[in-house]
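Worksheet: the structure to be examined is printed underneath.
The values are calculated or read from the model by the stated rules, or taken from the named source; none is laboratory data. Keep in mind it's a predicted model, so treat the numbers as computed, not measured. Neighbour counts are summed over all protein chains in view; Cβ atoms, including those assigned to glycine, are modelled from backbone coordinates with ideal geometry.
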Amino acid sequence: MARKKIALIGSGMIGGTLAHLAAIKELGDIVLFDIAEGTPQGKALDIAQSGPVEGFDANLKGANSYEDIAGADVCIVTAGIPRKPGMSRDDLLKTNLGVMKAVGEGIAAHAPDAFVICITNPLDAMVWALREFSGLPHQKVVGMAGVLDSARFRHFLAEEFNVSVEDVTAFVLGGHGDTMVPVIEYSTVAGIPVPDLIKMGWSTQERIDAIVARTRSGGGEIVGLLKTGSAFYAPATSAIAMAESYLKDKKRLLPCAAHLTGQYGVDDLYVGVPIVIGKDGVERIVEIELNATAKQNFDVSVDAVKELVAACKSIDSSLA
Ligand code: APR
């Protein structure tokens, strides 16, 4: 069986980490694409040279031309500028919208059958714009946010309960950003919901509220510490989980930014919801019941995404 082909559009901090992970997991041959000359080629060579030690077989290639992504099975998009300290996600909108146009057209021309995972921020607006610019089917274009946000929530919960992260499941819905909605009723330790664990004395509502707040500002916390960039290890791992579910038809149920057509009362918008990812891309959008507070928070989050998409439409009239 021929190897799959994974194209990484953007070869910065997340792009390089994606390439390393995809190679170690032998997901396929890898093309690192970037507008910066030398960066993708250098990273491809460096990672390829880790192959003999790690024991993986994968061809790695650096590229500055979209022709090199031809026929990719998966494209993971990180191209753009990352958020700097003090910069809001919205500040990124204008620059990254222009990048999404170039990337969307490149994918449409050279890899129209790919499953596309967008990571570039502000995520929910960028994935929507990328889909518009590429014209690919909606079920083949998704955004990575929920897996990362849930992973942050799971990490903090595992620390709080002093249990393995493996046994902590968590759900974070809504837009990626300060309005994301961690849903504690659907967050569990081996199936025991967090509210029950509070009743059992494992934690208190106040401590869980603090964890929810920390999860919401999880990206900003890392930006503040790194000072020169944003998180890249956990974002890359999260996107690889999504790519693997598609490539291996695993049908994992993961929170991702998906195109909604009436689900959760939302139409023609990308918002973080649970989806099943398999060989057809987004195979199912899962509508879970939200309590009144979660629904209210979800709606606030959706409004924030709507505002960003409206701003995109006013910047680029071809999107209106
Ligand atoms: N086409 C291709 N690559 C581009 C383009 C473009 N039009 N514009 C910029 N790039 C490249 C840059 O040259 C850089 O190598 O995108 C890469 C971005 O890498 P980093 O700056 O290291 O950013 P990274 O930390 O990888 O984050 C990428 O993901 O989480 C989000 O907010 C983050 O939007 C940011 C993205």
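When Leu32, Leu21 are screened for being closer than 19 Å to Ala243 by Cβ, touching a Ser or Thr at 6+ places or on another chain (Cβ under 7 Å) and buried (at least 24 other Cβ atoms within 10 Å of the Cβ), only Leu32 passes. Annotation note: Cβ proximity below 7 Å between a residue of segment 105-131 that is free of Cβ contacts under 8 Å to residues at least 60 places away in the same chain and a residue that is assigned to a strand (DSSP E or B) and within 13 Å of the ligand (Cβ to nearest atom) (sequence gap 6+ or interchain) occurs for Val116/Cys75; Val116/Val77; Met126/Cys118; Leu130/Val77; Leu130/Cys118.
In segment 202-222, is there at least one residue being buried (at least 23 other Cβ atoms within 10 Å of the Cβ) and either touching a Gly at 6+ places or on another chain (Cβ under 8 Å) or under 30 Å from Lys101 (Cβ atoms) (or both)? Yes: one or more hits. Residue-level check: of (1) in a helix (DSSP H, G or I); (2) at pLDDT 95 or above; (3) not polar (S, T, N, Q), Leu92 misses just (2).
With respect to Ser245, is the statement that it is more than 20 Å from Leu173 (Cβ to Cβ), among the hydroxyl-bearing types (Ser, Thr, Tyr) and either surrounded by fewer than 14 Cβ atoms within 10 Å (Cβ to Cβ) or not assigned by the TED database to the domain that holds Asp113 (or both) true? Spelling it out, it is not the case that Ser245 is more than 20 Å from Leu173 (Cβ to Cβ), among the hydroxyl-bearing types (Ser, Thr, Tyr) and either surrounded by fewer than 14 Cβ atoms within 10 Å (Cβ to Cβ) or not assigned by the TED database to the domain that holds Asp113 (or both). Here Ala231 meets the list (1) touching a Pro at 6+ places or on another chain (Cβ under 7 Å); (2) within 16 Å of the ligand (Cβ to nearest atom) almost entirely, failing just condition (1). Only a single criterion out of (1) over 22 Å from Val300 (Cβ atoms); (2) touching a residue at least 40 places away in the same chain (Cβ under 8 Å); (3) charged (D, E, K, R) is not satisfied by Glu166, namely (2).
On the given criteria, is Ile117 within 13 Å of the ligand (Cβ to nearest atom), assigned to a strand (DSSP E or B) and crowded, with 16+ Cβ neighbours inside 10 Å?
Numbers: within 13 Å of the ligand (Cβ to nearest atom): yes; assigned to a strand (DSSP E or B): yes; crowded, with 16+ Cβ neighbours inside 10 Å: yes.
Yes; evaluated as a whole, the condition is true for this residue.
Given the structure, is Glu105 within 16 Å of the ligand (Cβ to nearest atom), surrounded by fewer than 14 Cβ atoms within 10 Å (Cβ to Cβ) and not in a strand (DSSP E or B)? No; evaluated as a whole, the condition is false for this residue.
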